[in-house]
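Each remark here refers to the structure printed beneath this line.
The values are calculated or read from the model by the stated rules, or taken from the named source; none is laboratory data. Only a predicted model underlies this, so the values are computations on that prediction, with no experimental measurement involved. All Cβ positions, glycine included, derive from the backbone under ideal geometry; neighbour counts span all protein chains shown. Only protein heavy atoms, including side chains, enter the accessible area calculation; ligands, DNA and RNA are left aside. Shrake-Rupley method; radii C 1.70, N 1.55, O 1.52, S 1.80 Å.
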Amino acid sequence: QVQLVESGGGLVQPGGSLRLSCAVSGIIGRNYAMGWYRQAPGKQRELVATISSRGSTDYADSVKGRFTISRDNAEKTVYLKMNDLRPEDTAVYYCNTKLATRNYWGQGTQVTVSS
């Protein structure tokens, strides 16, 4: 059974940094892409960053240059390092993978950027 478990969220001041982690279990091998999404109150869930099985990355324009997605295949963990955080980054952050036609989501971790 595929499980994704996020951690690392919290309250941070504007300009601060956080690193989110997503622990992956139930998937054999490393041939799967991963993504980070976020959902702010009253808004639709949006894609933040993706990383392919080979490590190619892509980012939403709003986070380019500030966020970095990475993966540790040995530890089956995906990370999202977030720098220069802004109030508009406040959201619940979810990790995601898609196998065949099915999407898998974690439970989410809250990130709040406020002074």
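Structure above, values below:
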item	result
Residues of type lysines that K43 reaches as a straight line, Cα spacing below 23 Å, ignoring anything fewer than 8 places off in the same chain	K64, K81, K98
Two-site label geometry, S56 and S25: point separation in nm, points 7 Å out along Cα→Cβ	3.2
Cα coordinate range in region 1-67, projected on the principal axes (Å, largest first)	39, 24, 22
Solvent-accessible area, 1.4 Å probe, carbon plus sulfur percent, for the chain	45
Chymotrypsin sites (Phe, Trp or Tyr not before Pro) restricted to DSSP loop in region 1-89 with at most 15 other C-beta within 10 Å	none
Residue-normalised accessible area of the chain, expressed per residue, 1.4 Å probe, Å²	56
Coil-residue GluC sites (Glu not before Pro) of region 20-92, DSSP, other Cβ within 10 Å capped at 11	E75
E88-Q110 pseudo-label distance in nm [points 7 Å out on the Cα-to-Cβ vector]	2.3
Contour excess over end-to-end distance, with Cα ends at N103 and Q3 and 0.36 nm allotted per residue	34.9 nm
